[in-house]
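*Asks:* Could you have a look at this structure, given as structure tokens, before my questions?
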Amino acid sequence: MWYALTDRRVLFLMTTSNGARVNGIEHHEVKDVAIVREFPGGSGTIRFRRKSVDPYAGYTTVMTANTAPDVPTFEAIPAVKEVFELAEQTRDEAVKKKFALMRSGFDADIGAGFR
């Protein structure tokens, strides 16, 4: 399993003999991020708890290897504290950006009504 953080999503890539599968969660869909296990040497597991659970998530083979589909995790991550801090920072920035975009669209709609 491979993991990635982008400015918009948390990504999970599973490679198998049949190819690769990618699944992702948009940052605004993540309720909270937490370190759930930390081992000597600094590796550990990070949990991304969703605001709501996709009822079809149980039918995917991605994100279900060692975790429930409604609680995706980055497992055996080196430097878990640094990755956790990056995940929180990236999530916070993405949520602020999405809120600002939603707000600007709302303001534009309100302004159009008063012309």
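*Asks:* Mind counting the residues in the stretch 79-108 that are of a type in the set (A, V, I, L, M), assigned to a helix (DSSP H, G or I) and modelled with pLDDT of 85 or more?
*Replies:* Filtering the stretch 79-108 down to residues of a type in the set (A, V, I, L, M) leaves 79-80, 83, 86-87, 94-95, 100-102, 108.
Applying the additional criterion that residues be assigned to a helix (DSSP H, G or I) yields 80, 83, 86-87, 94-95, 100-102, 108.
Those still in the list that are modelled with pLDDT of 85 or more too: 80, 83, 86-87, 94-95.
Residues that pass the stated criteria total 6.
*Asks:* I need a count of the residues in the stretch 31-71 that are modelled with pLDDT under 90 and in contact with a helix residue (DSSP H, G or I) (Cβ under 8 Å, 6 or more places away or on another chain).
*Replies:* Residues that pass the stated criteria total 7.
*Asks:* While we're on this one: Report the residue count in the stretch 4-19 for those that are part of a strand (DSSP E or B) and either loosely packed, with under 10 Cβ neighbours inside 10 Å or hydrophobic (A, V, I, L, M, F, W, C) (or both). Reasoning before the result, please.
*Replies:* Initially, the stretch 4-19 is screened for residues part of a strand (DSSP E or B), giving 4-5, 9-16, 19.
If we keep only those that are either loosely packed, with under 10 Cβ neighbours inside 10 Å or hydrophobic (A, V, I, L, M, F, W, C) (or both) as well, we get 4-5, 10-14, 16, 19.
Residues in the stretch 4-19 being part of a strand (DSSP E or B) and either loosely packed, with under 10 Cβ neighbours inside 10 Å or hydrophobic (A, V, I, L, M, F, W, C) (or both): 9 in total.
*Asks:* Pick from the stretch 20-46 the residues that are assigned to a strand (DSSP E or B) and of a type in the set (D, E, K, R): which of them is nearest to the chain's Cα centre (by Cα)?
*Replies:* Checking each candidate, the answer is Glu26.
Conditions tested, residue by residue: (1) farther than 24 Å from Asp92 by Cα; (2) touching a Pro at 6+ places or on another chain (Cβ under 7 Å).
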| position | (1), (2) |
| --- | --- |
| Arg8 | no, no |
| Leu11 | no, no |
| Ala20 | yes, no |
| Ile25 | no, yes |
| Ala34 | no, no |
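The values are calculated or read from the model by the stated rules, or taken from the named source; none is laboratory data. What you see is a predicted model, and the numbers here were worked out from it, not measured in a lab. Virtual Cβ from ideal backbone geometry, glycine too; neighbours counted across all protein chains shown.
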